[in-house]
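Here the structure is laid out as structure tokens; the discussion comes afterwards.
Just so it is clear, none of the values below were taken in a lab; they were calculated from the coordinates. What you are looking at is a predicted structure, and each value in this text was computed from that prediction instead of being measured. Cβ coordinates were reconstructed from backbone atoms using ideal geometry, including for glycine residues, and neighbour counts include every protein chain displayed.
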Amino acid sequence: MTRTTYREALRTAHREALLADPRVFIMGEDVGRYGGSYAVTMGLLAEFGEARVRDTPLSELGFVGAGVGAALGGMRPIVEIMTVNFSLLALDPIVNTAATLRHMSGGQFSVPLVVRMATGAGRQLAAQHSHSLENWYAHVPGIRVLAPATVADARGMLAPALADPDPVVIFEHALLYNLEEDLPDDWQCDISHAAVRRAGTQLSLITYGGSVPKTMQAAEALASEGIDVEVIDLRVLRPLDMDTIAASLRKTHRAVIVDEGWKSGSLAAEVMARLMEHCFYDLDAPVARVCSEEVPIPYARHMEEAALPQVPKIVATVKAVLNV
Amino acid sequence: MSAATDALDPRTHGRDFCLARVRDMLRIRRFEERCAQLYGETKIRGFLHLYIGEEAVAAGVLPNLRPEDNVVATYREHGHALLRGLSMNAIMAEMYGKQEGCSRGRGGSMHLFDRASHFYGGNAIVGGGLPLAVGLALADQLDQRRDRVTVCFFGEGAVAEGAFHESMNLAALWKLPVLFVCENNLYAMGTALSRSEAQIALTVKAAGYNMPCAQVNGMHVLAVHDAARQALDQVRDRQSPLFLELHTYRFRAHSMYDAELYRDKAEVERWKQHDPIATFTAALKAAGLLQDAEVQAIDRAAQDEVEVAVAFAEAGTWEPVDQLLRDVTTPAAAAGSAP
């Protein structure tokens, strides 16, 4: 057990990947000399050189597309995009090419590409650096979508993502980089299953990414009032692990989903729909959700806070569903 | 007679070479003419983009490639696929949507793929192939055991896309062995180059990225061949990209749904005077390298090959619907195999 941060855990995972496989290289804006916009790749340029820790121009479409090509050409690229907002400039190579090539080619070509990006709000960066668009990617067949929310997952998810023969998109919530936790000795993990972060009996709180710490705090607050809830961290946003979710619902019979994305067309909406499909007769109450308000994320601190899921709102929603 | 013209004297290339190019171009032409018919018969559906008129480009460039080189093409790629060595049977079966097709019927006309010949499609996003080509070349640069060139075909319409500019910059910045082959057929679907670009001299754009470039008559198969040979040698020797602009013209509509309201019939007729097959065979005859009977024999062989391909596609099978979800992701058993 070692005390470490989410950022350091990511960096260690990247260093390990570069050491383990000569096909692995990292590219993105300011990943080299600058050290990474969130300092994840700090120090790696000095150790591995410019060919493998590759600064790119501000060309998201170009360098993500080049990542697809390099993966086709036998490399194992890790492409870093500064934020999910900028990734929209690279939707074409991800959605039209990386996700489709295996299918369009009748199974001839796989694209073993890893794309990482920061996501989420909470730092007063306003409406072009703060959004949560994980659901856009989770909509698309052909790619796997991950959201590490713990130091252990930050440490453990990269290696299996690189071993995946198909494209993997990893979302790192910007508020998690400074998260400090004990890294357990058994940090190795799969990228197929959701995780029960807290066992409970009365209701299932289902969440992912940057909302996991808030949801855990809400569960603590509820526990102090004698309300025992389970917290499920989806971890894998595509394909969704319905087995873990359904097993929880069979126990608790109630659910609240916490998702920093907007409600409309959200991952929360997808989880709700699947609960209807898979767990309808296990439910004792309508499923509820706590999402971001339907507004571009504002700059002013109090307005940004009001736009996002917060602990008191999660607590209140849980109580409403439990009718307490 | 200038030195350049001398070099294009077919006698300097030899009879066998020239006959092979006639054969290449006729295979594409007859294949596509039959595809147009089959489209009318509703045997082929979806979008069908014909290369007719532009055959000298593929027939000039592709014979210069080595087996290990990469090819990235567009949605108008039947000719490139054929000359890269995909069997006409597999291509025709793909047009039919049969599982014997080169992409198991999942791709169709716009998405022909072949791993064995490093043929990376078949891309229906204009400009979509360029970043892919940059990445393939980057993989080759990173894996220093490889000596391989990536040839990327695209139309002049793609130069308006950000993907073009980002890819040209990356390839030049990182000194990647990519040959960018711009097939300038003057129209992006129905929009003339002069109506879409402030700077219509495309080589100026390449120069803007500090990339060497050349312009070639894309209707003359030997001119294309020689320029491509020189360009490929340069890309290999200098391990850096080069931009080749080939002036060509599509004789048929953009796709099967195009009423061609944007260009004059007279213009099309004018360009047909430069038909790459007719002009080349005429030049070969004038040089005493080709007899009428030989052209006819080559043509007949091409038509026979097409009919065999049609029979193959007709006899092909529809993939069972219970296979619908295959090849969305890689099955565990196939994972880990070398690309």
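Observations on the model:
- For A:Ser130, net neighbour charge (Lys/Arg +1, Asp/Glu -1) across residues whose Cβ lies under 11 Å away: -1
- Note on region B:178-281: with charges restricted to the Cβ of Lys and Arg (+1) and Asp and Glu (-1), its dipole about the Cα centre is near 80 debye.
- Label-point separation in nm, A:Phe86 to B:Gln144, each point 7 Å along Cα→Cβ: 3.0
- Within the shell of other residues whose beta carbon sits under 11 angstrom from the beta carbon of B:Glu294, the net charge comes to +2, with Lys and Arg scored +1 and Asp and Glu -1.
- Net charge contributed by nearby residues that have their C-beta within less than 15 Å of A:Ala118 (K/R +1, D/E -1): -3
- Between helix A:267-279 and chain A: long-axis angle, C-alpha atoms, 0 to 90°, nearest 10: 60
- Amide hydrogen proximity for A:Ala255: with H placed 1.01 Å from N in the peptide plane, the residues at 5 or more positions away or on another chain lying under 5 Å are A:Ser204, A:Ala288.
- Using the Karplus relation 6.51 cos²θ - 1.76 cosθ + 1.60 with θ = phi - 60°, the per-residue 3J(HN,Hα) values for region B:315-320 come to 7, x, 10, 7, 5, x Hz, with x marking Gly and Pro.
- Per-residue [θ]222 nm for the protein assembly as shown (sum of -39500 (n - 2.57) over DSSP H runs n ≥ 4, rounded to 500): -12000 deg cm²/dmol
- Stokes-Einstein diffusion for region B:18-319, with the hydrodynamic radius set to the Kirkwood value over Cα pairs and evaluated at 37 °C in a medium of 0.692 mPa s, equals 169 µm²/s.
- Cα-centred dipole magnitude for region A:2-183, charges only on beta-carbon of K, R (+1) and D, E (-1), debye, nearest 20: 180
- Estimated dipole of the protein assembly as shown in Debye, rounded to 20 [Cβ of Lys and Arg +1, of Asp and Glu -1, Cα centre]: 360
- For chain B, the longest piece that avoids every one of the GluC sites (Glu not before Pro) found in DSSP loops with at most 15 other C-beta atoms within 10 Å covers B:69-259.
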